[in-house]
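Computed from the coordinates by the stated procedures, all read-outs in this text should not be read as laboratory data. Since the structure is predicted, the reported quantities are computational estimates derived from the model, not experimental observations. All Cβ positions, glycine included, derive from the backbone under ideal geometry; neighbour counts span all protein chains shown.
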Amino acid sequence: MLERFWESKDKLVERYRALETEIASLKTKLNDVNTRKEEWFAKKEELKKQLQESIKDVKDIKIKKDTISVDIQKLKQERNAYNKTVGELISKVKLLNKEREEIYKKSSLRINPGKIKDTMELLEKKIETEIISFSKEQKLMKQIKKLKDQYNEMTEIAKVIDHLRQLSSEIEITKSKAQDLHGKIQENAKKDEIGYNDFIEKSRAINVIRQEQEDAFRKFVKLKRLYVEINNTLRIKHEEENKLKNRLDRLSKPTDAVNTKDKEIAMLKEKLKYVEEKLKNGEKLTTEDILVFQKGSDGA
């Protein structure tokens, strides 16, 4: 029972030195674990920052993408409206062409009023700008009068042709507007596609970062638990070290004090043997016997 209490000084020193070595090893291990623990914590925090930035980027991309989608829908509605107008104008042109053909069928002339008008303007310009004889001028005037009569006869078809020209101009202008809108739609569609690809790429990157962050956090938690475990073991070892140091300090006291302690221990041994004999014989123990037995059992 008291063997450990009465270890020799050499044995105590041996145990103390072994404990110092163990404590130094534990401290080294604790520092290493703490360093790795903090590294993984820093890694986790860095990944957390990256994750927040990536999520913000994805949200911004989605907002831009949604805006582009709305713009595309508006542009399509405008383009479709212009295309519808073009269709309506073409239908009017078809009707006017039919009307023109019917007028041509009724008329004895087959001359295009536009050509008649151009010829008249050419002759009038010739009279105004060129030096010609009176007879020739009279001849040109008769020709112009004849053309005017023909032109008046073709007045109805002239109106139709003028209307056709107007419609053709409107069709070209409307087609041009529709084409411009179509170009803007294609341009926005490319932006939308780029935004979509960027959105997918960033979303995948977020999943990778999130997995890396979770892995870093798991490693941090694992190392933190190991750190606490080693630290608790180190605390226990320090307590044991302090107890051994105190015992060694007591053994290092002057000889008289050591002799006195040895005598006390010897007396305790004798009393303990006496108490153990009483126990074997089944005798009743006194309060003093119980105290001696307890003291011997505690190794004090």
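Some values worked out for this structure:
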item	result
Per-bin percent of Cα-Cα distances, the chain [10 Å]	5, 12, 10, 9, 8, 7, 7, 6, 6, 5, 5, 4, 4, 4, 4, 3, 1, 0
Relative contact order of the chain, defined on C-alpha pairs under 8 angstrom at six or more residues apart (%)	43 percent
Residues residue 81 and residue 132, FRET efficiency given R0 of 45 Å [Cβ-Cβ distance, rounded to 0.05]	0.20
Furthest towards positive pole of dipole, 63, 152, 30, structure part the chain, Cβ charges	152
Farthest toward positive dipole pole in the chain [+1 Lys/Arg, -1 Asp/Glu at C-beta], among 135, 265, 195	135
Helical mean residue ellipticity (222 nm; -39500 (n - 2.57) per DSSP H run of 4+; nearest 500) of the chain	-33500 deg cm²/dmol
Computed FRET value (nearest 0.05) for residue 180 with residue 63, which takes r as the C-beta separation and R₀ as 30 Å	0.70
Within segment 77-183: Cβ-based charge dipole about Cα centre, in debye rounded to nearest 20 (Lys, Arg +1; Asp, Glu -1)	380 debye
Additional length obtainable on full extension of the chain from residue 239 to residue 102, 0.36 nm per residue less Cα span	37.3 nm
Highest average packing first - 130-140, 242-252, 25-35, Cβ atoms within 10 Å	25-35, 242-252, 130-140
With eigenvalues of the C-alpha gyration tensor scaled by 5 and rooted, segment 50-173, Å	60, 21, 6
Directionally averaged shadow of segment 45-105, computed from the convex hull of its alpha-carbon atoms, nm²	4.7 nm²
Positive-end residue, the chain charge dipole about Cα centroid, Cβ charges, pick of 205, 51, 96	96
Residues 235, 210, sorted so that the one with the fewest Cβ neighbours within 10 Å comes first	235, 210
Check: the chain dipole with +1 on Lys, Arg Cβ and -1 on Asp, Glu Cβ, in debye	1100 debye
By average C-beta atoms within 10 angstrom, highest first, the peptides 122-129, 222-229	222-229, 122-129
